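The values are calculated or read from the model by the stated rules, or taken from the named source; none is laboratory data. From a predicted model like this one, the values you see are computed outputs, not experimental measurements. Virtual Cβ from ideal backbone geometry, glycine too; neighbours counted across all protein chains shown. SASA here: full protein model, heavy atoms, side chains in, ligands and nucleic acids out. Shrake-Rupley method; radii C 1.70, N 1.55, O 1.52, S 1.80 Å.
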Amino acid sequence: MAAYSPSEKILQYARKSGAFRPRDLAAYGIAPVYLQRLVRQGKLDRTGRGLYSLPKFRVTEFHSLAEAGKKVPKGTVCLLSALRFHGLTTQAPFEVWIAVDVKAQRPRVDHPPLRIVRFSGNALAEGVELHRIENIDVRIYSAAKTVADCFKYRNKIGLEVALEALRDYLRKYRGKTDDLWRYAAVCRVQNVMRPYLEAMT
């Protein structure tokens, strides 16, 4: 990037990375004033608080997940937001549900609104998938892991939501109950899920 002007460096970076934050440019020693100038010139769009992209950049229905993935790279999209991503709920959460380590500092993010949930051990590490959304790698729990999480956190999200997720999972992923049992064990909810799973299969 050394041969380019600050504005050209920013545009080149935007073409490569999609949405980005001003802090992503810090390694190149580029002052924020160049971002503002490019926005005024119509060469960059401000797609969210602290996020920029090229004007023709296509914003998807999961834009808030991309924003959250960029701002909380060690977090994992979970529960209602993960259900929505996998098409396993009629819920449309206003907040992005993000799992972080029980000992992690709370992310300081003003947008998008986040619902922080504390996970630990295997429940935090297992079932994480990387999905590319708007050129950003976003950590999202798998469909089966999310269903098990919903039963673990049924007092937080409601048992009806967990049952809807289970029904939709069984309809969408016919025969893939092994994954459900695996993550039920990880989340220690085998006894909770068993009667519902047996009744639906």
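Scanning the stretch 1-25 for residues that are open to solvent by 60 Å² or more (accessible area, probe 1.4 Å) and closer than 23 Å to Val72 by Cβ turns up Lys16, Arg23.
Among residues of the stretch 27-53 that are farther than 13 Å from Lys9 by Cβ, none has a Cβ under 6 angstrom from a residue that is among the polar types (S, T, N, Q) and surrounded by fewer than 16 Cβ atoms within 10 Å (Cβ to Cβ) at a sequence gap of 6+ or on a separate chain.
Applying the condition of being surrounded by 16 or more Cβ atoms within 10 Å (Cβ to Cβ) and at pLDDT 80 or above to the stretch 26-57 and asking which residue is nearest to Val138 (Cα to Cα) yields Tyr52.
Within the stretch 135-147, one or more residues are in contact with a helix residue (DSSP H, G or I) (Cβ under 6 Å, 6 or more places away or on another chain), within 15 Å of Tyr196 (Cβ to Cβ) and open to solvent by less than 80 Å² (accessible area, probe 1.4 Å). Inside the stretch 129-160, can you point out the residues that are modelled with pLDDT under 95, among the β-branched types (Val, Ile, Thr) and part of a helix (DSSP H, G or I)? Result: Ile157, single match.
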